[in-house]
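Just so you know, all these numbers are worked out from the coordinates, no wet-lab data involved. What you see is a predicted model, and the numbers here were worked out from it, not measured in a lab. Ideal geometry is used to build each Cβ from the backbone, glycine not excepted, and the neighbour counts take in all protein chains shown.
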Amino acid sequence: HSQDADINDPIQDGDDDDEEEEVDAGKVSQVAAMGFNQKHAIKALKATDGDVARAIDWLFSRAGQLDDDSSSEQKKKKIEPGQNTDSPKYKIMGFISHIGDRATSGHYVCHILKDHGKWVLYNDNKVTYCEKPPLGLGYIYLYRRV
C-alpha cells in the first residue's frame, strides 16, 4: 500500500456527518429503541457499516464522548473540582440470585425490599414474601442512595 495515492491522507474513522450516506430507517429504529437518539443511532450505523449489534456496542463504548442535545450554554458550563456533596450512604433495594449448580443451567430469581420493609421474592409467575432472603448469594445487588 505504500504506493497508494492517498497514503498520507488522514484516516477516516466513519464520524463524518457530512456524508450523504443512506441509513436503513428500520435499523435506526432498532438502535433508537435501546435508548439512543436518532442522530447518534445514524452516526453509529454509519461507523459500523449498518450492523445494528455493532452500532449499539459502538454507542455504549462511547457513552461519555457523545455530544448531547443540550443547549450550548450547558455545554459551556464548566464543572470545577470541589467537595463532593453527594451522600455516600446507600440502602439495599434488591438483588438477583442464581439457583442451580452451574452458570449454564439453573434459574434466576429476584428479591426486592418493598417500602413496608418486607422482602418479596419474584420467581417467574410466583411472587411471595420472603422472611430470610439469601443476601449472601446475590449475583447482582441493587442499591438506592439515601
Note: Leu137 to Asp49 extended length (0.36 nm per residue) minus current alpha-carbon separation gives 27.4 nm
Using 0.36 nm per residue of separation minus the Cα-Cα distance, give me the extension gain between Val146 and Val120 in nm, one decimal. 7.3 nm
Past 21 Å, Cα to Cα: identify those pairs from Lys89/Lys126; Lys89/Lys132; Lys91/Lys118, in the order given. Lys89/Lys126; Lys89/Lys132
Put a dot 7 Å past each Cα toward the Cβ at Gln30 and Gln83; how far apart are the dots in nm? 5.1 nm
Farthest toward the dipole's positive end in the stretch 92-146, which of Cys130, His116, Gly100, given Cβ charges of +1 (Lys, Arg) and -1 (Asp, Glu) about the Cα centre? His116
Extension gain from Val127 to Gln3, taking 0.36 nm per residue of separation minus the Cα-Cα distance: 37.8 nm
Quick calc, the stretch 78-129, dipole around Cα centre from Cβ unit charges on Lys, Arg (+) and Asp, Glu (-), nearest 20 debye, gives 120 debye
